[in-house]
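Every number in this text was worked out from the coordinates using simple rules, so none of it is lab data. Quick caveat: nothing in here was measured; it's all calculated off a predicted structure. Every residue, glycine among them, receives a Cβ derived from its backbone with ideal geometry; neighbour counts consider all protein chains shown.
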Amino acid sequence: MQQVLALAILLVTVGLVFTRPKGISEGLSALIGAVLAIILGLISPAKALNSVVESWNVFLFFLGMMAIAALADQSGAIDFLAQLASSISKGSTLRLFILICITGAAISTLLANDTTAVVLTPIVYTLVLRLSLDPLPFMFATTFIADTASIGLPVSNPINLIISEQTGIDLPHYVSAMWLPSLLVIVVNIILFTVLFRRELKTRYSVPPKTRASSSAYITITILMLIAITYICASYIGWPLGIVSVIGAAILAVNLAKHHKLSIKRLREDISWSIFPFITGLVIVVEMLRGIGITDYIGRFIIRAAGTSLIRQITVTTLSSMIGTNLFNNLPMALIMTRAINDQPLSVATKQILSLATILGCDLGPNLTHFGSLANFLWLFFLRKEGVEISAVEYAKLGVVTIPFLLAAAILGLWITIRFHLWTGI
């Protein structure tokens with residue numbers, strides 16, 4: 001009976017997030033699921049509170065990243081970077097689009113997909129408004145490429161770090177396995193979008209006159225680069241990224257205060273506070289599922305279905321992780337799969353292959369629905385704050401068209417690196 005109630009709560013929560021009846025926020029939807037779980041006795045209040053407290057680093061990370069983006073905007077750095085991109089593209093909308101995709105891929109690979117969603121999206125939105133271009137192709141590009149390019153390195157996505165650390169995949173082994181899948185999916189993503197949005201990208205725009213950036217903007221850009229370097233170093237040594245993000249935001253705030261440009265009111269308004277109740281509710285719902293054994297059962301079932309054939313292992317694990325990502329969100333799904341893989345009596349090589357396939361599914365899965373990753377919600381909340389409403393159905397329509405090609409490219413790339421011994425893990 002408990003399992004039935006838990007699954008019902010999950011379906012209600014996901015349904016509310018997707019449909020948003022009467023305009024209720026995703027955060028409230030997730031909290032409704034969490035409250036139902038506590039009221040029905042599927043998780044104790046103490047356990048629910050503990051699961052939220054244990055996620056402190058996630059809360060700090062997103063608070064810091066949103067503050068960094070908001071403060072960068074106040075400094076004028078975002079306007080300057082937007083103008084620089086328009087000048088480099090020399091009036092070609094297509095060239096500008098490809099430049100944004102490549103930039104997004106680089107940021108996601110080196111800094112993480114959440115950084116792309118928080119930092120690049122405001123830059124691109126400012127740019128397309130200034131150039132009077134259709135914002136939708138560019139906005140979709142920032143969120144899709146953020147997830148697509150997050151395969152490349154362990155630091156490209158917090159999920160990659162969690163899975164690789166728990167299954168013993170070090171940096172050289174990771175890169176040797178994932179460089180080809182990462183390259184393929186980025187190229188496929190860019191090609192697909194240039195075809196799907198070909199009409200919107202045929203236009204040209206007038207390059208705006210150059211203006212000199214303020215000293216605070218230059219200092220902000222320098223601080224952002226230092227934050228990026230610190231972020232990478234912290235990822236490798238296991239230092240909490242939330243602390244890095246908050247300290248980085250504090251340094252930016254001090255810089256703006258010295259230049260008399262800091263607006264606390266604007267900062268407060270620019271932070272998407274609704275992400276925090278969403279994370280809270282999601283953490284509690286997933287902990288409920290884990291506590292009554294549903295997550296472990298799902299993980300074991302997937303591992304058994306994967307069998308022993310290499311291509312089947314990669315395909316089944318990738319697809320299953322992708323589906324689970326769009327039901328539970330990719331962070332909980334990664335934890336489910338990691339626990340299931342490590343609990344099975346498998347060889348080290350097989351565990352690592354299944355773990356790499358899990359990363360593919362969890363990283364690419366959010367390109368199907370916006371529910372799949374927190375980076376997607378940060379992107380969605382920013383657009384909503386700017387008055388741009390993109391429904392779950394509209395997002396899914398694009399995802400349904402693109403995700404089969406992205407998954408096929410990723411699965412093929414991983415199969416090639418393992419089958420032809422390009423992966424140093426074997």
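Length gain on complete extension for the stretch residue 344 to residue 87, per 0.36 nm per residue less the alpha carbon to alpha carbon distance?
Extra length from residue 344 to residue 87 when fully extended: 87.1 nm.
What longest region of the chain stays clear of trypsin sites (Lys or Arg not before Pro) that DSSP places outside H, G, I, E and B and that have at most 12 other Cβ atoms within 10 Å?
Working: sites that count: 90, 198, 199, 210, 212.
Longest stretch, sites excluded: 213-426.
By the gyration tensor of its Cα atoms, with a ≥ b ≥ c the square roots of the eigenvalues, what is the shape of the stretch 294-333: rounded for a/c under 1.5, prolate for a/b over b/c, or oblate?
oblate
Considering the chain as a Gaussian network with a 10 Å cut-off on Cα pairs, which listed residue, 352, 344, 313, attains the greatest mean-square fluctuation?
Top of the fluctuation ranking is 344.
Sketch the reach of a paramagnetic label on residue 203 as a point 7 Å from Cα along Cα-to-Cβ, and name the residues of the stretch 104-135 whose backbone nitrogen lies under 17 Å away.
So the set is 124-135.
What distance in nm separates the simple spin-label points at residue 196 and residue 106, each placed 7 Å from Cα in the Cβ direction?
2.4
Using only the Cα atoms, work out Rg/Rh for the stretch 2-419, with Rh taken as the Kirkwood radius, to two decimals.
0.96
Hey, can you list the DSSP H helices of the chain whose Cα span along the axis is 30 Å or longer and whose average Kyte-Doolittle score is at least -0.5?
Working: long enough: 171-196 (36 Å, 1.90); 215-237 (33 Å, 1.76); 392-419 (38 Å, 1.55).
Counting only whole DSSP H runs, the qualifying helices are 171-196, 215-237, 392-419.
Work out the charge dipole of the stretch 2-419 with +1 on the Cβ of Lys and Arg and -1 on the Cβ of Asp and Glu about the Cα centre, then indicate which of 127, 388, 208 is farthest towards its positive end.
After comparing all options, I get 208.
If R₀ is 60 angstrom, what is the calculated FRET efficiency for the pair residue 384 and residue 305, using the beta carbon separation as r and rounding to 0.05?
The calculated FRET efficiency here is 0.95.
What is the extension gain from residue 22 to residue 419, computed as 0.36 nm multiplied by their sequence separation minus the C-alpha to C-alpha distance, in nm to one decimal?
137.8 nm
Between residue 11 and residue 38, what is the spin-label point distance in nm, taking each point 7 Å from the Cα along the Cα→C-beta axis?
2.5
Could you please tell me the mean projected area of the C-alpha convex hull for the stretch 259-306, averaged over all directions and given in square nanometres to one decimal?
On the way: hull surface 24.4 nm².
Taking the Cα atoms of the stretch 259-306, their convex hull projects to 6.1 nm² on average.
Kindly state, to the nearest 0.05, the FRET efficiency for residue 297 paired with residue 229, given R0 = 30 Å and r defined as their beta-carbon distance.
After rounding, the FRET efficiency stands at 0.10.
Relative contact order of the stretch 2-419: what whole-number percent is it, with Cα pairs under 8 angstrom and at least 6 residues apart?
25
Of all the C-alpha pairs in the stretch 276-426, what % are more than 24 Å from each other?
37
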